[in-house]
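Here's the structure, in structure tokens; my notes come after.
The values are calculated or read from the model by the stated rules, or taken from the named source; none is laboratory data. Note that the structure is predicted; figures quoted are calculated from it, not measured. All Cβ positions, glycine included, derive from the backbone under ideal geometry; neighbour counts span all protein chains shown. Protein only, heavy atoms only, side chains kept; ligands, DNA and RNA dropped before computing areas. Shrake-Rupley method; radii C 1.70, N 1.55, O 1.52, S 1.80 Å.
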Amino acid sequence: MAKTNIIKPILPPPLILRPTRGLAALNLRDLWIYRELIYFLTWRDIKVRYKQTFLGATWAILVPFLQMVVFTLLFSRVAKLPSDNVPYPIFSYAALLPWGLFSKAVADAGHSLVMNRNMITKIYFPRLVIPVASVLSGLLDFFIAFLVLIGMMIYYNVTSGGKYHFTFTTADLTLVLFVLLAMMTALGVSLWLSALNVIYRDIGHILPFLTQLWFFITPVVYSAKEVPAQWQWLYAVNPMVGVVNGFRWALLGTKTPPGAILWVSVGVAVVILVTGLFYFRGMERTFADEI
Amino acid sequence: MGNLAIRVVDLGKQYRIGLTINRYRTLRDTLTDTITAPARWFRSARQGSNPWSRTQKNRIWALKDVSFDVERGQVLGIIGRNGAGKSTLLKILSRVTEPSEGYAEIHGRVGSLLEVGTGFHHELTGRENIYLNGAILGMKRSEIDRKYDEIVAFSEVEQFIDTPVKRYSSGMYLRLAFAVAAHLEPEILVVDEVLAVGDAEFQRKCMGKMGDVAREGRTVLFVSHNMSAILRLTEETLVIDKGHMVYRAPTAQAVDYYMASGYSQEGARTWTADEIPADSAPFRPIAIRTRDRQGRVLETLRSVDPVTIEIEYALDAPLTGLRLGIYVLTMRGEFVFTSFDTDDLEKFEGFRTRPAGHFVSSCVLPANLLNEGRYIIGINASSFRIRRYFQDEHALAFTVDGTGAPGKQWPEPRLGPMRPALDWKITKVDDGVN
């Protein structure tokens, strides 16, 4: 059968390629047009992550679980840190979940552009797709690890003889928002770091240190109550403080519901994300030449 | 009016040199740059130059003042030496990088095949990679679903489609990669040298596919070093040299122009430092010459005399497994033959490792080998299946003069690149009349 596939006259207006300067337009519509690419890259990252491993996706559970065990031994048994009147293991695990999501996203996405160098130098697509997919791919691990938390809640309900009673309330619905806040922060930080990493590979060296530092200014192993009340607002400048407090409040019923201080976290996260987007779009012009 | 596909106006692209050698800046460089900036500013102000203008010293124009139009449905070839700016042009037109000046107007979706298999992940199966690569090339999922069977059939890897591509042979990998790319359906297709890979059978298939694309009325920009592919697939061709567009003509004319241009008439060619890529070390080409039977360096040589081809080069470190060879090509880009300096087993053993130093490899083309005409010598220095140190497809051109050659009593051109003096026997079998 002969092909008579005549191309119709083109509908879209001509594309003009010219040098651009100054503040770049965000063009977030591009992301929507390329949503399938985001989906496929996320899927690739997930698919590849545990290839040729013996334990496979079990690692998603094992890593936070082992961290929890170590922290419990170190900070609860040895250092005797208070844990808001809930068992230390569940106290730290509830924080390790969003922290793991955040730190993994930043570590992966920070390197994502450099890792996908061959795509960037050969083919056009909105470069934002790469860190976005990288951040999204961490979600699956998060959900898998979350199952363990549910198991722990049931375990403590049964074995504590009525001392603890963790239930699922409507407050748990707010978890979606806290996850969103963690992802926003992770994406904002990743946009800055991945774009910087294209030009300065120093970022690769700074990243582990930065994540470690960030871990200690986030109330993962200790309670946010350790910070004096008059400094809480400053403490909340770290958006992950808002996220972790939110998680503990929603899941374990510790502390009072997040109040005005949460808005400091949200505000900072928004600022990081928006500046990150502009910085990334501005730097994007030279990615293919510099990477 | 509505028939324009691409319009390029005064397009230029400037790169910082050192970018390729010193892959990326470090934070320290930027910090020291910033600290020493005031001193530089004062120095240039004292020397009378405008201190506010950005320093041009370390910059190079990979492309400059290039303007042309391409009409819808046209298949345009682009030819030029390595580093002439062809790839830069394609990268700008496919939006991978921005121009530094001028502009390009693109009417329609652009699909680029700057390299097949971009984004392939070796841990994923063939099937998974088809979807991933398709998405990267800009295909919709539904589009890939629709063409999936066709892609698999074209790639001829049906029985391995659920095997990770890291287990594929390089040929299978390439076939699959090209199959995905070949099923893109943009209005404008930009192709860079992707046909130069794979075995002959597969290349023929690729060329067929390219021909189909052209017949369907798409606009194609086709970059290649393969002159016969350019001649077959394109009607018109641009010649790019040192970042400038130097010629545009119907393909046959453009190819002749390109093949004849830029060669010295002295029968020798010396490589300057900026013509040698940094990654060719420790191999460093110095010169290539053609000599007649008296040892004179000449550009025009007689077909009835032996011709010596010599390549002078230096090794800055000992090299194991090096083979230095020549390709001889016709002006149309067809290969006449290939030969390496360690083809002979004795030399192959004797020169397993060459010490650092200054070398000359030379060979003699016997008399009565080549037909009249102009030929091109390409050189290649490589270690088999390990690394290619240096390659120059158009190192030197020389002319063969057929004076006195067998058959010259008839003043007609002979077909084919060879003109051997064959020892014919003519035997009368019988009287023939009975």
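Report, by residue number, each residue of the range B:225-252 that is open to solvent by 10 Å² or more (accessible area, probe 1.4 Å) and at positive phi.
B:Lys242
Considering only the range B:353-361, I want to know if a residue exists there that is closer than 30 Å to B:Ser224 by Cα, among the small types (Gly, Ala, Ser) and touching a strand residue (DSSP E or B) at 6+ places or on another chain (Cβ under 9 Å).
For the range B:353-361, residues closer than 30 Å to B:Ser224 by Cα, among the small types (Gly, Ala, Ser) and touching a strand residue (DSSP E or B) at 6+ places or on another chain (Cβ under 9 Å): present.
Would it be correct to say that A:Gly242 is in contact with a helix residue (DSSP H, G or I) (Cβ under 8 Å, 6 or more places away or on another chain) and of a type outside the set (Asp, Glu)?
Yes: the conditions hold for A:Gly242.
Would you pick out the residues in the range A:213-248 that are of a type in the set (A, V, I, L, M, F, W, C), in a helix (DSSP H, G or I) and open to solvent by 30 Å² or more (accessible area, probe 1.4 Å)?
Scanning the range A:213-248 gives A:Leu213, A:Trp214, A:Phe216, A:Ala229, A:Trp231, A:Trp233, A:Leu234.
In the list B:Ser339, B:Ser361, which residue meets the criterion of being in contact with a Cys (Cβ under 8 Å, 6 or more places away or on another chain), small (Gly, Ala, Ser) and over 21 Å from B:Tyr257 (Cα atoms)?
Residue meeting the stated conditions: B:Ser339.
Would you call B:Val255 in a helix (DSSP H, G or I) and open to solvent by less than 30 Å² (accessible area, probe 1.4 Å)?
In short, yes.
Looking at the range A:131-180 only, could you name the residues that are among the aromatic types (Phe, Trp, Tyr), touching a Phe, Trp or Tyr at 6+ places or on another chain (Cβ under 9 Å) and in a helix (DSSP H, G or I)?
A:Tyr156, A:Phe178 - these are the residues of the range A:131-180 that are among the aromatic types (Phe, Trp, Tyr), touching a Phe, Trp or Tyr at 6+ places or on another chain (Cβ under 9 Å) and in a helix (DSSP H, G or I).
Can you name the residue in the range B:249-284 that is in contact with an Asp or Glu (Cβ under 9 Å, 6 or more places away or on another chain) and small (Gly, Ala, Ser) and, of all such residues, is modelled with the lowest pLDDT?
Once the filter is applied, the top-ranked residue is B:Ser264.
Can A:Ala133 be described as within 14 Å of chain B (Cβ to nearest Cβ) and either at pLDDT 90 or above or in contact with a strand residue (DSSP E or B) (Cβ under 7 Å, 6 or more places away or on another chain) (or both)?
So A:Ala133 fits the description; yes.
Picking from B:Ile92, B:Ile79, B:Ile130, which residue would you name as being in contact with a helix residue (DSSP H, G or I) (Cβ under 7 Å, 6 or more places away or on another chain), open to solvent by less than 10 Å² (accessible area, probe 1.4 Å) and closer than 28 Å to B:Pro277 by Cα?
B:Ile79
Just give me the residues in the range B:89-126 being polar (S, T, N, Q), in a strand (DSSP E or B) and at the interface with chain A (Cβ under 7 Å from one of its Cβ atoms), in sequence order.
Of everything in the range B:89-126, just one residue is polar (S, T, N, Q), in a strand (DSSP E or B) and at the interface with chain A (Cβ under 7 Å from one of its Cβ atoms), namely B:Ser112.
Pick out the one residue from A:Arg281, A:Arg248 that is of a type in the set (Lys, Arg) and under 30 Å from A:Asp84 (Cβ atoms).
A:Arg248
Residue pairs, Cβ under 6 Å, 6 or more apart or interchain, first in the range B:121-138 and more than 13 Å from B:Pro164 (Cα to Cα), second among the basic types (Lys, Arg). List them.
B:Leu132/A:Arg44
Quick one: which helices (runs of 4 or more DSSP H) lie wholly within the range A:1-80 and hold at least 1 residues that are open to solvent by less than 90 Å² (accessible area, probe 1.4 Å), modelled with pLDDT of 85 or more and within 11 Å of chain B (Cβ to nearest Cβ)?
Counting at least 1 such residues, we get A:28-33, A:35-49.
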